[in-house]
């Protein structure tokens, strides 16, 4: 039986775009539901909005089968741009939050699976509870894409961290998730026939789920194109970069603590928005080069201009910035609570795995890069690691999972 797949996600992350493209290339995509599809508007010149429009475009084969739901997403994006002090909307759980948009997509998918031609629904975390319940009643197969580790594992880690670093507790938003949201996540897992995750770490966290989990496929994301051809010469101070939300979930306090331990001259650049309230973090941002937000193209250029990217996350599903770094020839330092072990397998000196909560290990690895020859070598190795993770290979693996379950 030929698969006919309906899929939905409120925003167009690279992995979502490539999943939809994989299904379209295989001729099995029925409909793709998302918030904004700006494919026909990408060439409009709207100043600062132009780059945002380009980020939300789709390949023509996917665009033809896309149903956009723009009003709620436009309102959400507008709310995000309001100054924090006057913004009345809860960005995490309010009516204009990503959670609300995810649940709206969930309701759409729940209606779609009642169409008799649909064989499979492919849904993401927070967008699957209603869809999977409806699919089960119709005999429709359910595929669950879990982009981050299981919530019980995360909550245990966050509780430990709140005791270890109480001054950073305000950045650990996972401790504030309401019970109804967590119950939805468990219903999604219970309703999933098969799961797709992007890292071995995410797969391991599923051991903490108290019920039965469907089969799990680990499919790491692909790497973007290089922003520039020439690799930056590795001389002078070691240029260290962090990109991500400024929360202790990302382990940024450990990076701050690691910098004084480096036995070399270091320049630290941080890119990311503040998460929650945290006085120690805010004081550190005054001492480093900090960009609250940059266009994606500019971030890739910045990555290429640095000697190493550090992502010391305590709890991650993947860490897209890791593949972005490798693709630009920038080695990585990351914990085994990210996709780094998957991305670095089989390639030496493209990056290094450190334990969580270890500023000493981070500092030691940064110090190793004080040798200019080793810096240059690690850049070449990073490109080698990136070459092993193409988006084309990702799409082939997605199709293999989807079609494999629909044979016969």
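Read-outs throughout are calculated quantities, based only on the coordinates presented, and are distinct from any laboratory measurement. Predicted model, so just to flag it, every value in this text is computed and none were measured. Methodologically, a virtual Cβ is constructed for each residue, glycine included, from the backbone with ideal geometry; neighbour enumeration extends over all protein chains shown.
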Legend entry - Inter-label distance, nm, simple model (7 Å from Cα along the C-beta direction), residue 348/residue 298: 4.0 nm
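Using Cβ contacts closer than 10 Å as the measure, can you line up 205, 2 from fewest to most? Mind dumping the intermediate values first?
On the way: 205 23, 2 10.
Ranking 205, 2 by Cβ neighbours within 10 Å, fewest first, gives 2, 205.
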Legend entry - Gain in span if fully extended, residue 384 to residue 61, counting 0.36 nm per residue against the direct Cα distance: 113.2 nm
Legend entry - Helix 14-25 axis, angle to the chain major axis (alpha carbon atoms, nearest 10°): 40 degrees
Legend entry - Cut-off 11 Å, label 7 Å out along Cα→Cβ of residue 237, residues of the stretch 278-317 by amide N: 288-289
Legend entry - For the chain, built as a Gaussian network whose Cα springs stay under 10 Å, the top-fluctuating residue of 40, 114, 101: 40
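May I ask you to compute the full-extension gain from residue 41 to residue 13, defined as 0.36 nm times their residue separation minus their alpha-carbon distance, rounded to one decimal in nm?
8.3 nm
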Legend entry - Label point distance in nm, residue 225-residue 187, each placed 7 Å from Cα along Cα→Cβ: 4.3 nm
Inset, instruction - Among 346, 319, 329, determine the one that fluctuates most according to a GNM of the chain built with springs between C-alpha atoms less than 10 Å apart. - result: 346
Inset, instruction - Arrange 394, 209 by Cβ neighbour counts within 10 Å, fewest through most, would you? - result: 209, 394
Inset, instruction - Could you work out which residue, out of 217, 61, 200, moves most in a Gaussian network model of the chain, that is, has the largest mean-square fluctuation with Cα springs under 10 Å? - result: 61
Inset, instruction - Could you please rank 223, 119, 269, placing first whichever residue has the fewest other Cβ atoms within 10 Å of its Cβ? - result: 269, 119, 223
Inset, instruction - Note the angle between two axes, namely the Cα long axis of helix 98-112 and the longest principal axis of the Cα atoms of the chain, as a number of degrees from 0 to 90, rounded to the nearest 10. - result: 30 degrees
Inset, instruction - Using only Cα atoms, tell me the angle between helix 179-191 and the longest principal axis of the chain; keep it within 0 to 90° and round to the nearest 10. - result: 60 degrees
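For a protection proxy built on the mean count of beta-carbon atoms within 10 angstrom, sort 151-157, 16-22, 162-168, 334-340 highest first, please. Mind showing how you got there, number by number?
Working: 151-157: 18.7, 16-22: 23.3, 162-168: 14.1, 334-340: 26.3.
The most tightly packed comes first, giving 334-340, 16-22, 151-157, 162-168.
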Legend entry - Mean ellipticity per residue at 222 nm, deg cm²/dmol - from DSSP H runs of n ≥ 4 across the chain, formula -39500 (n - 2.57): -12000 deg cm²/dmol
Legend entry - Where only alpha carbons of the stretch 238-387 are counted, the Rg and the Dmax (Å): 13.9, 41
Legend entry - Rg [Å, one decimal], Dmax [Å, integer] - the chain, C-alpha atoms: 21.2, 65
